[in-house]
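Asks: Structure incoming, see below.
The values are calculated or read from the model by the stated rules, or taken from the named source; none is laboratory data. Quick caveat: nothing in here was measured; it's all calculated off a predicted structure. Heads up, the Cβs are rebuilt from the backbone with ideal geometry, glycines too, and the neighbour counts pull from every protein chain shown. Heavy atoms of the whole protein, side chains included, go into the accessibility calculation; ligands, DNA and RNA do not. Shrake-Rupley method; radii C 1.70, N 1.55, O 1.52, S 1.80 Å.
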Amino acid sequence: MGKTKNRWLIALAAVGIHISIGSVYAWSVFTNPLMEQYGWDLSAVSITFSIAILFLGLSAAFMGHFVEKHGPRRSGLVAASFFGAGMIGSGIAVSIESLALLYVTYGVLGGIGLGVGYITPVSTLVKWFPDRRGLATGLAIMGFGFAAMIASPIMANLIENVSIAGTFYILGSVYFIVMILSALYLERPPADYMPEYQQGGSGQVTTDLSQLTANEAVKTRRFWFLWIMLFINVTCGIAILAVASPMAQEIAGLSAAAAATMVGIMGFFNGAGRIAWATISDYMGRPNVYTAFFAIQIVTFFALPSITAAILFQAVLFLIITCYGGGFASIPAYIGDLFGTKQLGAIHGYILTAWAAAGLVGPNLAAWVRETTSSYAATLYIFGGMFVIALIVSLVIRIDINKLKKENAVKAKAAS
């Protein structure tokens with residue numbers, strides 16, 4: 001038998017993959033250079049990002065079974081190949097000035113790499129960290145949240161000093177290498193794996209309420225409760241990210257420069273919220289954390305339109321963004337708690353279709369309400385109302401959870 005790998009290095013490998021694919025959140029850095037150099041309009045350039053997010057959700061759903069069947073190493077290599085090819089192909093598309101090819105390379109190929117790369121390390125980490133599920137998945141998904149902060153200045157510098165195409169070539173090569181090296185270290189824990197907490201360390205194992213396949217999970221009410229909660233959290237959060245700058249200028253009177261700085265700081269809170277809330281969920285429990293997300297956001301979304309003090313407005317916005325990031329980071333552990341780890345990657349993939357749907361609904365709904373009402377206040381009130389629904393769902397799901405706990409207790413008593 002070979003030596004068991006260090007689970008913290010497994011977590012580091014997961015961060016390597018997520019910090020590479022998370023650069024998609026820095027797509028806006030390419031927007032103005034592409035418009036200025038090739039004369040493409042804003043909507044034509046922006047749809048590239050939308051296609052990538054759409055294929056992230058679709059590939060996560062369809063490739064989840066592949067991840068479970070072939071393991072994290074092979075699926076990680078697939079993710080690296082698609083994402084690397086997508087980035088390098090984008091350089092070719094830009095070189096020949098083909099917007100259609102850019103959609104195919106960055107949007108479709110890159111998006112598939114995003115989806116497979118997103119779910120690959122997460123399902124593995126849950127199995128390596130049965131005592132610290134939230135912390136482990138939060139670490140990886142934190143990398144996705146922080147990636148834009150790291151990638152944005154690098155991209156801007158490369159575009160200015162190399163070229164747009166050259167930037168795609170360089171970053172595509174670097175990300176491919178980082179993802180390949182990370183994927184090669186990933187593997188499932190051995191069947192007889194004994195974490196540190198069983199060797200005198202601290203930590204308490206989470207008891208799974210069931211062990212279901214992905215196809216069994218989607219037939220349960222609690223799967224769709226999770227889907228709805230993630231959909232609402234992401235819809236509202238991604239919409240706020242899309243309109244944060246003009247909204248801050250309209251409501252709190254921030255200057256354009258101050259609003260731009262605020263958006264950059266939001267990236268930090270997006271990443272920090274992922275690790276913070278996911279870690280808290282190990283102690284509070286996932287149901288309590290999700291209820292807290294929605295309670296906090298009901299209050300903040302209804303309060304924001306009347307907050308004109310710039311500092312307070314930004315502080316409230318940063319709190320909202322921590323809940324947005326925390327929702328992503330806590331969901332894999334929640335899935336593990338409710339459905340077990342048998343096919344966690346596949347179930348996570350199905351759940352992430354909520355992200356794909358939210359990516360289409362959120363920004364478009366925010367833009368439509370703003371154009372219709374000429375105010376961001378109505379948008380915030382609508383989202384506040386959506387969080388009331390999410391709060392109710394977060395309470396109703398507890399009925400199913402308590403029912404499962406009672407059934408498991410009866411089975412355990414009968415077995416003893």
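Asks: Given segment 326-416, what helices (runs of 4 or more DSSP H) lie entirely inside it while holding 1 or more residues that are among the charged types (D, E, K, R) and open to solvent by less than 60 Å² (accessible area, probe 1.4 Å)?
Replies: Because the criterion is at least 1 residues that are among the charged types (D, E, K, R) and open to solvent by less than 60 Å² (accessible area, probe 1.4 Å), the helices (runs of 4 or more DSSP H) in segment 326-416 that meet it are 377-415.
Asks: Is it fair to say Gly134 is buried (at least 18 other Cβ atoms within 10 Å of the Cβ), in contact with a Lys or Arg (Cβ under 8 Å, 6 or more places away or on another chain) and at pLDDT 80 or above?
Replies: yes
Asks: Answer yes if at least one residue in segment 324-336 is among the hydroxyl-bearing types (Ser, Thr, Tyr), within 18 Å of Pro121 (Cβ to Cβ) and in contact with a helix residue (DSSP H, G or I) (Cβ under 8 Å, 6 or more places away or on another chain), and no otherwise.
Replies: The answer is yes, given that some residue of segment 324-336 is among the hydroxyl-bearing types (Ser, Thr, Tyr), within 18 Å of Pro121 (Cβ to Cβ) and in contact with a helix residue (DSSP H, G or I) (Cβ under 8 Å, 6 or more places away or on another chain).
Asks: Same structure, new question: Can you report the number of residues in segment 122-174 which are more than 30 Å from Asp337 (Cβ to Cβ) and part of a helix (DSSP H, G or I)?
Replies: Residues meeting the conditions: 24.
Asks: Related question: Any residue in segment 279-297 that's closer than 18 Å to Ile399 by Cβ: show its pairings with residues that are in a helix (DSSP H, G or I) and charged (D, E, K, R) at Cβ separation under 7 Å, as long as the two are six or more apart or on different chains.
Replies: Sorted first by the residue in segment 279-297, then by its partner, the pairs are Arg286/Asp337; Pro287/Arg398.
Asks: Among the listed residues Ala60, Ala52, Ala80, identify the single one that is touching a His at 6+ places or on another chain (Cβ under 8 Å), closer than 16 Å to Ile21 by Cα and assigned to a helix (DSSP H, G or I).
Replies: Result: Ala60 is the single residue among Ala60, Ala52, Ala80 that is touching a His at 6+ places or on another chain (Cβ under 8 Å), closer than 16 Å to Ile21 by Cα and assigned to a helix (DSSP H, G or I).
Asks: Which of the residues that make up segment 173-222 are modelled with pLDDT under 90, closer than 23 Å to Gly76 by Cβ, open to solvent by less than 70 Å² (accessible area, probe 1.4 Å) and of a type in the set (A, V, I, L, M, F, W, C)?
Replies: Listed by number, the list holds a single entry, Ala214.
Asks: Right, next: Can you tell me which residue is nearest to Leu77 (Cα to Cα) among those in segment 154-168 that are within 25 Å of the chain's Cα centre (by Cα) and of a type outside the set (Gly, Ala, Ser)?
Replies: Phe168
Asks: Right, here's the next one. Just one of the numbered conditions (1) in contact (Cβ under 8 Å) with a residue 60 or more places away in the chain; (2) open to solvent by less than 10 Å² (accessible area, probe 1.4 Å); (3) more than 22 Å from Val15 (Cα to Cα) is not true of Ile51; which one?
Replies: Just one mismatch for Ile51, condition (2).
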